[in-house]
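Engineer: First the structure, then my questions, so here it is.
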Amino acid sequence: MAEVKVKVQPPDADPVEIENRIIELCHQFPHGITDQVIQNEMPHIEAQQRAVAINRLLSMGQLDLLRSNTGLLYRIKDSQNAGKMKGSDNQEKLVYQIIEDAGNKGIWSRDIRYKSNLPLTEINKILKNLESKKLIKAVKSVAASKKKVYMLYNLQPDRSVTGGAWYSDQDFESEFVEVLNQQCFKFLQTKAETARESKQNPMIQRNSSFASSHEVWKYICELGISKVELSMEDIETILNTLIYDGKVEMTIIAAKEGTVGSVDGHMKLYRAVSAIIPPTGLVRAPCGLCPVFDDCHEGGEISPSNCIYMTEWLGF
(Lines give C-alpha, C1' and ligand atoms only; values in the text may rest on other atoms or scores of the structure.)
Protein backbone atom coordinates (compact mmCIF):
# COMPACT_ATOMS: atom_id res chain seq x y z
CA MET A 1 0.00 0.00 0.00
CA ALA A 2 1.44 3.42 -1.03
CA GLU A 3 2.42 5.83 1.72
CA VAL A 4 0.35 8.97 1.78
CA LYS A 5 2.25 12.16 2.78
CA VAL A 6 0.18 14.74 4.56
CA LYS A 7 1.47 18.33 4.65
CA VAL A 8 0.97 19.76 8.11
CA GLN A 9 0.05 23.45 8.03
CA PRO A 10 1.51 25.53 10.89
CA PRO A 11 -1.12 27.15 13.05
CA ASP A 12 -2.00 30.72 12.09
CA ALA A 13 0.02 33.17 14.16
CA ASP A 14 -1.73 35.97 16.00
CA PRO A 15 -1.58 39.10 13.76
CA VAL A 16 -0.95 41.28 16.81
CA GLU A 17 2.06 39.15 17.79
CA ILE A 18 3.48 39.52 14.26
CA GLU A 19 3.06 43.29 14.39
CA ASN A 20 4.67 43.49 17.84
CA ARG A 21 7.62 41.40 16.67
CA ILE A 22 8.13 43.67 13.63
CA ILE A 23 8.07 46.72 15.92
CA GLU A 24 10.68 45.06 18.17
CA LEU A 25 12.92 44.42 15.15
CA CYS A 26 12.60 48.07 14.08
CA HIS A 27 13.71 49.18 17.55
CA GLN A 28 16.70 46.81 17.34
CA PHE A 29 17.67 48.27 13.94
CA PRO A 30 16.86 52.02 14.11
CA HIS A 31 18.13 52.64 10.57
CA GLY A 32 15.52 50.29 9.15
CA ILE A 33 14.93 46.63 8.29
CA THR A 34 14.28 44.84 5.03
CA ASP A 35 11.69 42.19 4.34
CA GLN A 36 14.51 39.64 4.35
CA VAL A 37 15.35 40.52 7.97
CA ILE A 38 11.71 39.98 8.96
CA GLN A 39 11.65 36.69 7.06
CA ASN A 40 14.84 35.47 8.76
CA GLU A 41 13.51 36.36 12.22
CA MET A 42 10.08 34.83 11.58
CA PRO A 43 10.61 31.93 9.14
CA HIS A 44 7.33 30.24 10.12
CA ILE A 45 5.26 33.27 9.06
CA GLU A 46 4.00 33.18 5.48
CA ALA A 47 4.67 36.06 3.11
CA GLN A 48 0.99 37.02 2.98
CA GLN A 49 0.81 37.29 6.77
CA ARG A 50 3.94 39.47 6.83
CA ALA A 51 2.52 41.73 4.14
CA VAL A 52 -0.78 42.16 6.00
CA ALA A 53 1.04 43.04 9.24
CA ILE A 54 3.39 45.52 7.54
CA ASN A 55 0.55 47.23 5.62
CA ARG A 56 -1.44 47.56 8.83
CA LEU A 57 1.53 49.16 10.66
CA LEU A 58 2.06 51.54 7.73
CA SER A 59 -1.60 52.52 7.66
CA MET A 60 -1.57 53.17 11.42
CA GLY A 61 1.47 55.43 11.00
CA GLN A 62 3.78 53.32 13.15
CA LEU A 63 6.29 52.58 10.37
CA ASP A 64 7.99 54.64 7.65
CA LEU A 65 8.58 53.16 4.21
CA LEU A 66 11.97 54.08 2.69
CA ARG A 67 13.90 53.16 -0.41
CA SER A 68 17.57 52.19 -0.38
CA ASN A 69 20.09 50.56 -2.71
CA THR A 70 19.11 47.17 -1.29
CA GLY A 71 15.36 47.71 -1.71
CA LEU A 72 12.55 48.78 0.61
CA LEU A 73 13.27 49.60 4.24
CA TYR A 74 10.82 49.72 7.16
CA ARG A 75 11.72 52.07 9.99
CA ILE A 76 9.98 52.97 13.22
CA LYS A 77 8.27 56.35 12.95
CA ASP A 78 9.22 59.22 15.22
CA SER A 79 6.21 60.03 17.40
CA GLN A 80 6.83 63.79 17.02
CA ASN A 81 6.76 63.61 13.23
CA ALA A 82 3.76 61.29 13.17
CA GLY A 83 1.42 64.15 14.12
CA LYS A 84 2.97 66.50 11.55
CA MET A 85 2.37 64.11 8.66
CA LYS A 86 -1.16 63.17 9.67
CA GLY A 87 -3.36 63.04 6.59
CA SER A 88 -0.43 62.79 4.15
CA ASP A 89 -0.19 59.97 1.62
CA ASN A 90 2.70 57.51 1.47
CA GLN A 91 4.51 59.41 -1.31
CA GLU A 92 4.49 62.63 0.69
CA LYS A 93 5.70 60.78 3.79
CA LEU A 94 8.51 59.22 1.75
CA VAL A 95 9.72 62.59 0.43
CA TYR A 96 9.52 64.13 3.92
CA GLN A 97 11.57 61.23 5.34
CA ILE A 98 14.26 61.65 2.67
CA ILE A 99 14.52 65.38 3.43
CA GLU A 100 14.64 64.69 7.17
CA ASP A 101 17.52 62.23 6.69
CA ALA A 102 19.51 64.92 4.84
CA GLY A 103 19.71 67.00 8.04
CA ASN A 104 20.78 70.64 7.99
CA LYS A 105 22.89 70.21 4.85
CA GLY A 106 19.72 69.73 2.82
CA ILE A 107 19.14 67.77 -0.36
CA TRP A 108 18.56 68.70 -4.02
CA SER A 109 15.34 67.76 -5.79
CA ARG A 110 17.39 65.63 -8.19
CA ASP A 111 18.63 63.50 -5.29
CA ILE A 112 15.11 63.28 -3.87
CA ARG A 113 13.97 61.96 -7.24
CA TYR A 114 16.77 59.39 -7.28
CA LYS A 115 16.02 58.14 -3.75
CA SER A 116 12.23 58.13 -4.05
CA ASN A 117 11.99 56.91 -7.67
CA LEU A 118 9.07 59.31 -8.17
CA PRO A 119 8.44 61.46 -11.28
CA LEU A 120 9.87 64.98 -11.12
CA THR A 121 6.43 66.57 -11.60
CA GLU A 122 5.09 64.61 -8.62
CA ILE A 123 8.12 65.58 -6.49
CA ASN A 124 7.68 69.28 -7.29
CA LYS A 125 4.02 69.04 -6.32
CA ILE A 126 4.87 67.33 -3.01
CA LEU A 127 7.63 69.86 -2.23
CA LYS A 128 5.25 72.80 -2.75
CA ASN A 129 2.68 71.14 -0.54
CA LEU A 130 5.20 70.49 2.26
CA GLU A 131 6.47 74.07 1.99
CA SER A 132 2.93 75.45 2.28
CA LYS A 133 2.49 73.41 5.48
CA LYS A 134 5.80 74.84 6.78
CA LEU A 135 7.22 71.36 7.23
CA ILE A 136 10.19 72.02 4.94
CA LYS A 137 11.95 75.04 3.44
CA ALA A 138 14.09 75.75 0.39
CA VAL A 139 17.53 77.28 0.96
CA LYS A 140 19.90 78.64 -1.70
CA SER A 141 23.33 77.02 -1.58
CA VAL A 142 26.58 78.92 -2.14
CA ALA A 143 27.92 75.79 -3.86
CA ALA A 144 25.42 76.19 -6.71
CA SER A 145 23.77 79.59 -7.07
CA LYS A 146 20.90 78.41 -9.27
CA LYS A 147 19.99 75.40 -7.15
CA LYS A 148 18.06 75.10 -3.91
CA VAL A 149 18.36 72.46 -1.23
CA TYR A 150 15.46 71.34 0.92
CA MET A 151 15.57 70.74 4.67
CA LEU A 152 13.15 70.64 7.60
CA TYR A 153 11.56 74.00 8.37
CA ASN A 154 12.96 74.33 11.91
CA LEU A 155 16.60 73.55 11.03
CA GLN A 156 19.41 76.10 10.84
CA PRO A 157 21.32 75.56 7.55
CA ASP A 158 24.86 74.26 7.77
CA ARG A 159 27.74 76.68 7.05
CA SER A 160 28.59 74.68 3.93
CA VAL A 161 25.17 75.70 2.55
CA THR A 162 25.05 79.38 3.54
CA GLY A 163 28.78 80.12 3.45
CA GLY A 164 28.67 81.33 7.04
CA ALA A 165 29.28 84.94 8.02
CA TRP A 166 31.29 85.71 4.87
CA TYR A 167 28.33 85.41 2.48
CA SER A 168 25.22 87.53 2.02
CA ASP A 169 22.61 86.34 -0.50
CA GLN A 170 25.28 84.00 -1.96
CA ASP A 171 27.69 86.89 -2.57
CA PHE A 172 31.10 86.84 -0.88
CA GLU A 173 31.44 89.92 1.33
CA SER A 174 35.04 90.79 0.47
CA GLU A 175 34.80 94.34 1.91
CA PHE A 176 33.44 93.02 5.21
CA VAL A 177 36.26 90.46 5.43
CA GLU A 178 38.83 93.18 4.70
CA VAL A 179 37.42 95.43 7.47
CA LEU A 180 37.56 92.54 9.96
CA ASN A 181 41.10 91.78 8.82
CA GLN A 182 42.19 95.36 9.47
CA GLN A 183 40.46 95.62 12.86
CA CYS A 184 41.87 92.32 14.14
CA PHE A 185 45.36 93.38 13.13
CA LYS A 186 44.86 96.85 14.67
CA PHE A 187 43.87 95.27 18.00
CA LEU A 188 46.97 93.05 18.03
CA GLN A 189 49.21 95.97 17.03
CA THR A 190 47.83 98.12 19.86
CA LYS A 191 48.44 95.30 22.33
CA ALA A 192 52.02 94.88 21.06
CA GLU A 193 52.70 98.65 21.34
CA THR A 194 51.31 98.73 24.89
CA ALA A 195 53.63 95.85 25.80
CA ARG A 196 56.68 97.68 24.35
CA GLU A 197 55.81 100.89 26.19
CA SER A 198 55.72 99.02 29.50
CA LYS A 199 59.57 99.12 29.51
CA GLN A 200 59.74 95.68 31.13
CA ASN A 201 62.24 92.99 30.20
CA PRO A 202 61.94 91.62 26.64
CA MET A 203 60.46 88.28 27.72
CA ILE A 204 57.61 89.91 29.67
CA GLN A 205 57.01 92.34 26.81
CA ARG A 206 56.76 89.47 24.35
CA ASN A 207 54.33 87.49 26.52
CA SER A 208 52.21 90.57 27.15
CA SER A 209 51.83 91.21 23.43
CA PHE A 210 49.85 87.98 22.92
CA ALA A 211 46.04 87.97 22.86
CA SER A 212 43.69 85.01 22.80
CA SER A 213 41.18 84.53 20.01
CA HIS A 214 38.47 85.12 22.62
CA GLU A 215 39.90 88.59 23.40
CA VAL A 216 39.98 89.48 19.70
CA TRP A 217 36.43 88.15 19.26
CA LYS A 218 35.20 90.21 22.22
CA TYR A 219 36.85 93.35 20.79
CA ILE A 220 35.21 92.87 17.38
CA CYS A 221 31.81 92.24 18.96
CA GLU A 222 32.10 95.42 21.05
CA LEU A 223 32.96 97.44 17.93
CA GLY A 224 29.56 96.52 16.46
CA ILE A 225 30.84 96.45 12.88
CA SER A 226 29.16 93.13 12.06
CA LYS A 227 25.47 92.80 11.28
CA VAL A 228 25.67 89.03 11.75
CA GLU A 229 26.67 87.14 14.86
CA LEU A 230 30.31 86.11 14.63
CA SER A 231 31.69 83.05 16.37
CA MET A 232 35.18 82.60 17.76
CA GLU A 233 35.81 80.21 14.88
CA ASP A 234 35.01 83.02 12.42
CA ILE A 235 37.54 85.30 14.10
CA GLU A 236 40.17 82.56 14.06
CA THR A 237 39.62 82.25 10.31
CA ILE A 238 40.41 85.96 9.92
CA LEU A 239 43.47 85.62 12.18
CA ASN A 240 44.69 82.74 10.03
CA THR A 241 44.68 85.02 6.96
CA LEU A 242 46.87 87.46 8.89
CA ILE A 243 49.25 84.60 9.70
CA TYR A 244 49.45 83.70 5.99
CA ASP A 245 50.23 87.36 5.22
CA GLY A 246 53.12 87.27 7.68
CA LYS A 247 51.56 89.94 9.94
CA VAL A 248 50.67 87.72 12.88
CA GLU A 249 52.10 84.66 14.60
CA MET A 250 50.27 82.08 16.69
CA THR A 251 51.24 79.88 19.61
CA ILE A 252 49.27 77.27 21.53
CA ILE A 253 49.51 76.93 25.29
CA ALA A 254 48.00 74.58 27.85
CA ALA A 255 45.01 75.99 29.72
CA LYS A 256 43.01 74.89 32.74
CA GLU A 257 39.64 73.25 32.21
CA GLY A 258 36.95 75.91 31.92
CA THR A 259 39.29 78.79 31.09
CA VAL A 260 37.56 81.32 28.82
CA GLY A 261 38.73 80.83 25.24
CA SER A 262 40.23 77.38 25.79
CA VAL A 263 39.24 74.29 23.81
CA ASP A 264 40.12 70.78 25.01
CA GLY A 265 42.67 72.15 27.49
CA HIS A 266 44.45 74.31 24.90
CA MET A 267 44.33 78.01 24.05
CA LYS A 268 45.45 79.80 20.86
CA LEU A 269 47.36 83.04 21.37
CA TYR A 270 48.15 85.58 18.63
CA ARG A 271 50.45 88.58 18.39
CA ALA A 272 51.35 91.11 15.71
CA VAL A 273 54.84 90.77 14.24
CA SER A 274 56.95 92.85 11.90
CA ALA A 275 60.06 91.93 9.98
CA ILE A 276 63.29 93.30 11.48
CA ILE A 277 64.63 94.00 7.99
CA PRO A 278 62.79 93.78 4.66
CA PRO A 279 63.51 90.56 2.73
CA THR A 280 66.01 90.78 -0.12
CA GLY A 281 64.89 90.78 -3.73
CA LEU A 282 66.11 87.25 -4.33
CA VAL A 283 64.04 85.90 -1.43
CA ARG A 284 60.93 87.65 -2.78
CA ALA A 285 61.40 86.10 -6.25
CA PRO A 286 58.32 84.01 -7.20
CA CYS A 287 60.53 81.13 -8.35
CA GLY A 288 61.35 80.16 -4.76
CA LEU A 289 57.74 79.21 -3.99
CA CYS A 290 56.61 78.18 -7.47
CA PRO A 291 54.99 74.69 -7.45
CA VAL A 292 55.84 74.15 -11.16
CA PHE A 293 59.45 75.32 -10.92
CA ASP A 294 60.80 72.03 -12.34
CA ASP A 295 58.57 72.33 -15.43
CA CYS A 296 59.56 75.93 -16.16
CA HIS A 297 61.95 76.46 -19.09
CA GLU A 298 62.31 78.82 -22.01
CA GLY A 299 60.19 77.72 -24.97
CA GLY A 300 57.88 75.56 -22.88
CA GLU A 301 54.25 76.07 -21.84
CA ILE A 302 55.59 77.46 -18.56
CA SER A 303 58.52 79.82 -19.00
CA PRO A 304 59.97 82.97 -17.40
CA SER A 305 59.04 85.05 -20.44
CA ASN A 306 55.28 84.46 -20.06
CA CYS A 307 55.14 84.17 -16.26
CA ILE A 308 52.76 86.80 -14.86
CA TYR A 309 54.27 86.49 -11.38
CA MET A 310 57.76 87.18 -12.71
CA THR A 311 56.44 90.19 -14.63
CA GLU A 312 54.79 91.62 -11.51
CA TRP A 313 57.92 91.03 -9.43
CA LEU A 314 60.14 92.83 -11.93
CA GLY A 315 57.64 95.68 -12.02
CA PHE A 316 57.12 95.62 -15.79
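The values are calculated or read from the model by the stated rules, or taken from the named source; none is laboratory data. In this text the structure is predicted, and so the values were computed from the model without any measurement. With ideal geometry, Cβ positions are generated from the backbone for all residues, glycine too; neighbour counts draw on all protein chains shown. These accessible areas exclude ligands, DNA and RNA; they are computed on the full protein's heavy atoms, side chains included. Shrake-Rupley method; radii C 1.70, N 1.55, O 1.52, S 1.80 Å.
Engineer: Mind giving me the nanometre distance, one decimal, between the label points for THR194 and LYS256, set 7 Å out from Cα along Cα→Cβ?
Structural biologist: Going from the THR194 label point to the LYS256 one covers 2.2 nm.
Engineer: At GLU229 and ASP171, where each label point lies 7 Å from the Cα along Cα→Cβ, what is the point-to-point distance in nanometres?
Structural biologist: 2.5 nm
Engineer: About its Cα centre, how strong a charge dipole does the stretch 15-77 have in debye, to the nearest 20, once Lys and Arg get +1 and Asp and Glu get -1 at the Cβ?
Structural biologist: With Lys and Arg at +1 and Asp and Glu at -1, about 220 debye.
Engineer: Going highest first, how would you order 232-245, 42-55 by mean Cβ packing within 10 Å?
Structural biologist: 232-245, 42-55
Engineer: Now, a different point. Quick one: which residues, 5 or more positions from LEU73 or on another chain, have an amide H under 5 Å from its amide H? H modelled 1.01 Å from N in the peptide plane, none for Pro or chain starts.
Structural biologist: Hits under the 5 Å cutoff: LEU66, ARG67, SER68.
Engineer: Counting only C-alpha contacts under 8 Å and six or more residues apart, can you give the relative contact order of the chain as a whole percent?
Structural biologist: Relative CO of the chain lands at 9 percent.
Engineer: Could I ask something else about it? If the chain were replaced by its equivalent ellipsoid, with semi-axes equal to the square roots of 5 times the Cα gyration tensor eigenvalues, what would those be, largest first, whole Å?
Structural biologist: 62, 27, 22
Engineer: With axes computed from alpha carbons, what is the tilt in degrees of helix 47-59 against the longest principal axis of the chain, rounded to the nearest 10 within 0 to 90?
Structural biologist: With both axes taken from Cα atoms, the answer is about 60 degrees.
Engineer: Additional query: Could you work out how much longer the chain between ARG56 and GLN36 gets when fully extended? Use 0.36 nm per residue separation minus the Cα distance between them, nm to one decimal.
Structural biologist: Details: separation 20, 0.36 × 20 = 7.20 nm, distance 1.84 nm.
Gain on stretching ARG56 to GLN36: 5.4 nm.
Engineer: Let me ask something else. Between GLN48 and LEU314, what is the label-point separation in nm under the 7 Å Cα-to-beta-carbon projection?
Structural biologist: About 9.0 nm, to one decimal.
Engineer: Also: Give the accessible surface of the chain per residue, rounded to a whole number of Å², with probe radius 1.4 Å and ligands, DNA and RNA excluded.
Structural biologist: Per-residue value: 67 Å².
Engineer: Something else now. Rounded to the nearest Å, what's the spacing between the alpha carbon centres of the stretch 16-49 and the stretch 145-163? Just the number, please.
Structural biologist: When both Cα centres are located, 36 Å separates them.
Engineer: Just the number, please: carbon plus sulfur as a percent of the accessible area of the chain, 1.4 Å probe, no ligands or DNA/RNA counted.
Structural biologist: With neighbouring chains kept in place, the figure for the chain is 53 percent.
Engineer: Using θ = phi - 60° and the Karplus relation 6.51 cos²θ - 1.76 cosθ + 1.60, list the HN-Hα couplings for the stretch 190-198 in order, rounded to whole Hz, with x at every Gly or Pro.
Structural biologist: 4, 5, 5, 5, 4, 5, 5, 6, 6
Engineer: A further question follows. Would you kindly state how much longer the chain becomes between ASP245 and GLU24 on full extension, computed as 0.36 nm times their sequence separation minus their alpha carbon distance, in nm to one decimal?
Structural biologist: Extending this stretch completely gives an extra 73.6 nm.
Engineer: Right, here's the next one. At a Förster radius of 35 Å, what calculated FRET efficiency corresponds to the Cβ-Cβ distance of ASN207 and CYS296, to the nearest 0.05?
Structural biologist: The formula returns an efficiency of 0.20 here.
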